[in-house]
Amino acid sequence: SQQGEEDPQALSIQEGENATMNCSYKTSINNLQWYRQNSGRGLVHLILIRSNEREKHSGRLRVTLDTSKKSSSLLITASRAADTASYFCAPRRDNYGQNFVFGPGTRLSVLP
Amino acid sequence: EAEVAQSPRYKITEKSQAVAFWCDPISGHATLYWYRQILGQGPELLVQFQDESVVDDSQLPKDRFSAERLKGVDSTLKIQPAELGDSAMYLCASSATGNYGYTFGSGTRLTVV
């Protein structure tokens, strides 16, 4: 298992602005996933990007992956107050039974 | 949409008492995880099951914590005796074999007083 480290630890923006958060990891991966956690709730799977992909979109989410730099970024466009949450990245080394080691996450606050 | 069920949602217990949490994963998900999350931190894995077998419990404080998944379906996590430092959110997650993503439950918020 390996841990992803999110950066920044906290981010505060105005509604309508874009939010970018980054993830770094240490070893080679099969895929990397992003999760969101609203206050007091469980984590929700947002998006998965495979090691042979460079960019992936899902609605207002855009994820990039640079395996040479061992980093990923999550961009939320036109943010809304409902996007206020903590965001975690989860690098996965293989397909079989590996568990995730979560970092501290990025706490995003979207101000109305 | 299928969900991971956890109960209770909230639990307040006194120090030195026993406490138990229950998790029912998504039907057919062979892998089940228990995570502990202290406020302001990321989730920390306590135990991972594959069917009824423990795959990883290296971070489980075995002097006071125990976990079981007897029939490879639902699971119980127990703490005995509870300590003040056990106050946290306890999250259960499940995943299908070969599937990459986890589905998390809403968690149990434990407060030890």
*Would it be correct to say that residue A:56 is more than 12 Å from chain B (Cβ to nearest Cβ), touching a Lys or Arg at 6+ places or on another chain (Cβ under 9 Å) and more than 20 Å from residue A:15 (Cα to Cα)?*
yes
_Considering only residues that are closer than 27 Å to residue B:48 by Cβ and either open to solvent by 40 Å² or more (accessible area, probe 1.4 Å) or modelled with pLDDT under 95 (or both), which ones fall in region A:59-70?_
A:67, A:70
*Can you work out which of the residues in region A:71-104 that are open to solvent by 10 Å² or more (accessible area, probe 1.4 Å), outside any loop (DSSP other than H, G, I, E, B) and not hydrophobic (A, V, I, L, M, F, W, C) is nearest to residue A:42 (Cα to Cα)?*
A:86
_For a quick check of your reading of the model, give me the residue pairs whose first member lies in region A:42-64 and is over 20 Å from residue B:93 (Cα atoms), whose second is of a type in the set (Gly, Ala, Ser) and at pLDDT below 95, with beta-carbon atoms closer than 9 Å and at least 6 apart or on different chains._
A:51/A:28
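Which is open to solvent by 40 Å² or more (accessible area, probe 1.4 Å), within 14 Å of residue A:83 (Cα to Cα) and acidic (Asp, Glu), of A:15, A:55?
A:15
Yes/no per residue for (1) away from chain B (no Cβ under 14 Å); (2) more than 30 Å from residue B:53 (Cα to Cα); (3) over 15 Å from the mean Cα position of the chain (by Cα):
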| site | (1), (2), (3) |
| --- | --- |
| A:50 | no, no, no |
| A:60 | yes, yes, no |
| A:63 | no, yes, no |
| A:73 | yes, yes, no |
| A:77 | yes, yes, no |
| A:89 | no, no, no |
| A:102 | no, no, no |
_Being closer than 17 Å to residue B:3 by Cβ, at pLDDT 95 or above, open to solvent by 10 Å² or more (accessible area, probe 1.4 Å) and under 10 Å from the mean Cα position of the chain (by Cα) is the requirement here; does residue B:34 meet it?_
no
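For region B:53-65, indicate whether the set of residues that are under 26 Å from residue B:1 (Cβ atoms) and either within 14 Å of chain A (Cβ to nearest Cβ) or of a type outside the set (Phe, Trp, Tyr) (or both) is non-empty.
No, because not a single residue in region B:53-65 is under 26 Å from residue B:1 (Cβ atoms) and either within 14 Å of chain A (Cβ to nearest Cβ) or of a type outside the set (Phe, Trp, Tyr) (or both).
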_Any residue in region B:75-93 that is farther than 18 Å from residue B:25 by Cβ sitting within a Cβ distance under 6 Å of a residue that is part of a loop (DSSP other than H, G, I, E, B) and β-branched (Val, Ile, Thr)? List the pairs, counting only those 6 or more apart or interchain._
B:88/B:38
*asked:* I need the strands (runs of 3 or more DSSP E) fully contained in region B:1-82, keeping only those with at least 3 residues that are of a type in the set (A, V, I, L, M, F, W, C).
replied: B:19-24, B:44-50
*Output the residues belonging to region B:69-86 that are more than 10 Å from the chain's Cα centre (by Cα), open to solvent by 40 Å² or more (accessible area, probe 1.4 Å) and modelled with pLDDT of 95 or more.*
B:74, B:80, B:81, B:83, B:84, B:85
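The values are calculated or read from the model by the stated rules, or taken from the named source; none is laboratory data. Just so it is clear, the model here is predicted, and its values are computed rather than measured. Note: ideal-geometry Cβ built from the backbone for every residue, glycine included; neighbour counts use all protein chains shown. These area figures cover heavy atoms from the full protein model, side chains too; ligands, DNA and RNA do not enter into them. Shrake-Rupley method; radii C 1.70, N 1.55, O 1.52, S 1.80 Å.
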